[in-house]
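Visitor: Sharing a structure with you now.
The values are calculated or read from the model by the stated rules, or taken from the named source; none is laboratory data. Predicted, not measured: the structure shown is a model, and the values here were computed from it. Glycine also receives a Cβ, built like all others from the backbone with ideal geometry; neighbour counts cover every protein chain displayed.
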């Protein structure tokens, strides 16, 4: 076969749905394609194309804009445009333009129809229900984590989390010890130019210097170990552990592909990788005796998220684990505050809102919280609770759970009130669902107590759920508000990207992906008077009571887990690279199969939003 035809065949075989075709069919397919080339700025698809074709983007990029010039979608390598193969397609106004010189393969629609008729798996891509594709996509994601689940499969590169700390052979022992102390490390690599000359450790300082009576102004070359065994970035964790055991050492230099020093692996790194789990950290939190200790423990939360994602955890697993740690830190801060301030003068409950309340946090989210005081509270009790709230909010901020940008925190007197005032708040929000009330609903209608020894919150929650369930106008406003966050889906079922700024050519996978499902679940829950706060639990409970169909709930749960897990993996990649986690995902980070499934998810969310809007006639309240 011609080399060019072989290359086309290999390309098709690596992209869905052509990867579902048998090899003999794939071998014949390249001869049925025509190759079209579009210069940057030209129109796409061509108006005069005969016959009508399915277009497969091979190289380049095509942006789609509405008639006002706003970016509404983008075609990337491997994406399909099959709109011309729909028998009854609607007229769509758009402007398409290659933003790079672009190459496409064109397959006549008749050929596509024949392939769909002859190959069931291939046809399923076009015919299979979105719900089936969602379930399949999530199953595949869970079964194929980004890395293994332990030292038997994880690579050294995934355990290196900081650049190596180095010095020169002529550095004095005293200076080397100072460097180690400043950087909180137990070992130091000794470099001569770019060559690894040796290494010193705490044990070397103790045995070869202090115990031997060696002056500390001597150079580190006098006590360093120069005969070193190293590992490379692709070495498996268990192999590194065996090497350490065999050599009776606790540190191994790590070299990159060019044999340059990339990091240092310690036995502590291996132990931490095995033991970094929420139970381990929560135990440390309960024993913490100061805010400083809690700050040190909380610094491990990003590492926990990376570890969980590496082990194949879904977004629900990560959210439950991280939220459990935040709860534990919050409780310990409350205990430390009470130890300093004395016993509270009246009963109170510490309430959390937002993602912590839903148990859906990722590492170091901002904080949303409030204080619910007993109606026995008097003005003279205010200084105590003001001091307690400040201590806990400041402590959480120190631990990386930053202050709420909207000041929805217990340190704000507005959100530190007796039970009867909270009742009035909710009555006003429900009877007068103004924009501010609807904005606050995303926090305060998701409240959950983390400290409530007198069970004050139960009484408040029961009244709120009864009022919200029976007020259909309020629910309709909530439904209309839930439709404001739309999935980023444009023409040709393409993902709409941010245009310009720091996040150019990305999309916000949280606010345009998970938040729409969170909002839907909240409406279903409040309309049925359900007490659950976690999104998945809300959807399950809504299906059980008939507020939502069982299929609808199952599909939304699968969609929520799929999007959320993509988000967690994106953040884990950033954290592993030493960056700060965010929610701005570039389609290029995804495989062609993941992009296709994500478009299915967005389409289904949009369908469920339209259904909710029709049920509650939200057009009247938009």
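Visitor: Mind listing whichever residues of region 231-255 are modelled with pLDDT of 85 or more and touching a helix residue (DSSP H, G or I) at 6+ places or on another chain (Cβ under 9 Å)?
Guide: Answer for region 231-255, where residues must be modelled with pLDDT of 85 or more and touching a helix residue (DSSP H, G or I) at 6+ places or on another chain (Cβ under 9 Å): 231, 232, 233, 234, 235, 251, 252, 254.
Visitor: Residue check: is residue 355 in contact with a helix residue (DSSP H, G or I) (Cβ under 8 Å, 6 or more places away or on another chain) and part of a loop (DSSP other than H, G, I, E, B)?
Guide: no
Visitor: Please pick out the residue among 314, 310 that is closer than 30 Å to residue 139 by Cα, touching a helix residue (DSSP H, G or I) at 6+ places or on another chain (Cβ under 7 Å) and surrounded by fewer than 22 Cβ atoms within 10 Å (Cβ to Cβ).
Guide: Going through 314, 310 in turn, just one is closer than 30 Å to residue 139 by Cα, touching a helix residue (DSSP H, G or I) at 6+ places or on another chain (Cβ under 7 Å) and surrounded by fewer than 22 Cβ atoms within 10 Å (Cβ to Cβ): 314.
Visitor: Could you please let me know if residue 419 is modelled with pLDDT of 95 or more and crowded, with 24+ Cβ neighbours inside 10 Å?
Guide: no
Visitor: Also, I was wondering about something else. May I ask you to verify whether residue 501 is more than 21 Å from residue 437 (Cα to Cα) and modelled with pLDDT of 90 or more?
Guide: no
Visitor: Taking the conditions exactly as written (over 30 Å from residue 563 (Cα atoms), part of a loop (DSSP other than H, G, I, E, B) and in contact with a strand residue (DSSP E or B) (Cβ under 9 Å, 6 or more places away or on another chain)), does residue 376 satisfy them or not?
Guide: Taking the combined requirement at face value, the residue satisfies it.
Visitor: Further, regarding this structure: Considering region 317-326 alone, what residues qualify as being in contact (Cβ under 8 Å) with a residue 12 or more places away in the chain and surrounded by fewer than 20 Cβ atoms within 10 Å (Cβ to Cβ)?
Guide: Answer for region 317-326, where residues must be in contact (Cβ under 8 Å) with a residue 12 or more places away in the chain and surrounded by fewer than 20 Cβ atoms within 10 Å (Cβ to Cβ): 320, 324.
Visitor: Still on this model: Being touching a helix residue (DSSP H, G or I) at 6+ places or on another chain (Cβ under 9 Å) and over 23 Å from residue 293 (Cα atoms), is that true of even one residue in region 320-339?
Guide: no
Visitor: What is the residue count in region 98-122 for residues that are surrounded by 16 or more Cβ atoms within 10 Å (Cβ to Cβ) and closer than 26 Å to residue 61 by Cα?
Guide: The number of residues fulfilling the criteria is 12.
Visitor: On the basis of being touching a residue at least 60 places away in the same chain (Cβ under 8 Å) and within 33 Å of the chain's Cα centre (by Cα), does residue 359 make the cut?
Guide: Judged against the criteria, residue 359 is a match.
Visitor: When you look at residue 452, is it touching a strand residue (DSSP E or B) at 6+ places or on another chain (Cβ under 6 Å) and at pLDDT 90 or above, yes or no?
Guide: The answer is yes for residue 452.
Visitor: For region 183-192, what are the residues that are loosely packed, with under 12 Cβ neighbours inside 10 Å and either modelled with pLDDT of 90 or more or assigned to a loop (DSSP other than H, G, I, E, B) (or both)?
Guide: 184
Visitor: While we're looking at this one, here's another question. Which residues, taken from region 210-227, are in a helix (DSSP H, G or I) and over 19 Å from residue 166 (Cβ atoms)?
Guide: 210
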